[in-house]
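Encoded as structure tokens, the structure appears first; notes follow it.
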Amino acid sequence: MAKALPLRIDVHAPSRTYRVLVGPGSLAGLREVLDGVGCGTARFVVSNQTVWGHWGGALRESLPDAEPILLPDGERFKTLSSTARIYDALLKAGADRSAGLVTFGGGVVGDMGGFAAATYMRGLALAHVPTTLLAQVDAAIGGKVGVNLPGGKNLVGAFYQPSVVVIDPLVLATLPRREFRAGLYEVIKYGVACDAGLFERLRRDLGPLSRRDGGVLTPVIADCCRIKGAVVARDERESGARRILNFGHTVGHALEAATRYRRFLHGESVAYGMLASCAIAAARGMISAPDHAAIAALVAQLGPLPPVNDLSASAQLEYMRRDKKVHEGRLHVVLPTGIGSADVIADVSETELTTALTALGLAE
Ligand SMILES: NC(=O)c1ccc[n+]([C@@H]2O[C@H](COP(=O)([O-])OP(=O)(O)OC[C@H]3O[C@@H](n4cnc5c(N)ncnc54)[C@H](O)[C@@H]3O)[C@@H](O)[C@H]2O)c1
Ligand SMILES: [Zn+2]
């Protein structure tokens, strides 16, 4: 049987147009794709030990000559000093500006490898080969790259679009269940905030999707890439439209910070954030009770989230204030205006947030 061609999405970012290819088995065709878009002559693959252990062999089959640069696994290694290790490896191998850098991993590897590519000799050709669901539907598209500082997440970075993004859903087979589920909350985010048709399909196909059934998963990933690509085309540097994709993230970031990034995977905290935003929108009459119930049911269907009943709403507000997202007791929050659409609302009150958070189980 002829191999199905990968789905192709063209991202027309103002600074660069590039394609995103989504297809089971696309890893095997990586070299042809990189050659086709002229992504570097000498090639370097930035990855981590976990991803390389599972899929390094498969990558090597496609790119036998590429030099791997392996970093330790984890958000705590998304640092300037890890980035310096990438620069050192590039320099030692004699990489010049004609080199290409391929990131092969989750969002941590993508952000950090992308940042190294953006800055080494003022810019190398970059390709992302994301291996987590979160990175496939979100982090690999849109050009945000960067690292953390001790003082906070993603404080150093750049906008640097890749030459191409190659997504192989088959690599998700080894992703831990919890990581996969965390990515699904971001998928739900796209459905609620941007695409009612996607939301309906998620409702219908959540079972096979959770089982990573390729027939369902591949088009869903491609749809998320299409949505993100379209938003990035309109607002590359996140001054307007792109902020819609922060749906669920104001409260989500507070929960992550309040628990020192230990309790929640990012997507899990976003799930709570989406529930809080939906509750506020419902209380304001911006979405109907049945729509609110449908969103809450879809989130609940993915299974239990880490507990929040030992956290307080006032502590979360404190984090949001520190995040400068509160001005005079009013907060900018993305609220759904229906299923499939959302808006940045500038006047959400602390009382509304407290009510929504306590309804989720937080103490006052
Ligand atoms: N640039 C952006 O626009 C953007 C958007 C969202 C998130 N991010 C960033 O992404 C990061 C989070 O990304 P993430 O959720 O992918 O986390 P991650 O990169 O830490 O990956 C999660 C875990 O899964 C492992 N893993 C990756 N692929 C695997 C596979 N196929 N099989 C088995 N294990 C695998 C990783 O080694 C890691 O342990 C954060 O740093 C966040 O700031 C960036
Ligand atoms: Zn997110």
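If we scan the range 285-299, do we find a residue that is part of a helix (DSSP H, G or I), out of contact with any His (no Cβ under 6 Å at 6 or more places or on another chain), under 16 Å from GLY361 (Cβ atoms) and at pLDDT 95 or above?
Looking for residues that are part of a helix (DSSP H, G or I), out of contact with any His (no Cβ under 6 Å at 6 or more places or on another chain), under 16 Å from GLY361 (Cβ atoms) and at pLDDT 95 or above, one finds at least one in the range 285-299, hence yes.
The residues of the range 248-301 that are hydroxyl-bearing (Ser, Thr, Tyr) and touching a strand residue (DSSP E or B) at 6+ places or on another chain (Cβ under 7 Å), listed by number, are THR250, SER277.
The residue that is surrounded by the fewest Cβ atoms within 10 Å (Cβ to Cβ), counting only those in the range 22-41 that are farther than 16 Å from ALA4 by Cβ and in contact with a Ser or Thr (Cβ under 7 Å, 6 or more places away or on another chain), is THR41. Does the range 54-74 contain any residue that is among the hydrophobic types (A, V, I, L, M, F, W, C) and within 21 Å of PHE159 (Cα to Cα)? No, that holds for no residue.
Taking the options GLY157, GLY183, name whichever one is small (Gly, Ala, Ser) and either more than 12 Å from ligand 1 (Cβ to nearest atom) or farther than 20 Å from GLY252 by Cα (or both).
Being small (Gly, Ala, Ser) and either more than 12 Å from ligand 1 (Cβ to nearest atom) or farther than 20 Å from GLY252 by Cα (or both) holds for just one of GLY157, GLY183, which is GLY157.
Among residues of the range 238-258 being out of contact with any Lys or Arg (no Cβ under 9 Å at 6 or more places or on another chain) and free of Cβ contacts under 8 Å to residues at least 60 places away in the same chain, the one that is nearest to ligand 2 (Cβ to nearest atom) is GLY252.
Mind listing just one residue for me: the one in the range 216-237 that is in contact (Cβ under 8 Å) with a residue 24 or more places away in the chain, charged (D, E, K, R) and more than 13 Å from ligand 1 (Cβ to nearest atom) and, of those, nearest to LEU362 (Cα to Cα)? Restricting to residues being in contact (Cβ under 8 Å) with a residue 24 or more places away in the chain, charged (D, E, K, R) and more than 13 Å from ligand 1 (Cβ to nearest atom), the top hit is ASP223.
Within the range 133-156, being within 15 Å of ligand 2 (Cβ to nearest atom) and on the phi > 0 side of the Ramachandran plot holds for GLY142, GLY146, ASN154.
If I filter the range 199-225 down to residues being under 25 Å from VAL11 (Cβ atoms) and small (Gly, Ala, Ser), which single residue comes out as surrounded by the fewest Cβ atoms within 10 Å (Cβ to Cβ)? Only one residue tops the list, namely GLY215.
The values are calculated or read from the model by the stated rules, or taken from the named source; none is laboratory data. Fair warning: this is a prediction, and the values are worked out from it, not measured in the lab. When we count neighbours, we look across all protein chains shown, and the Cβ atoms used for this are built from the backbone with ideal geometry, even at glycine.
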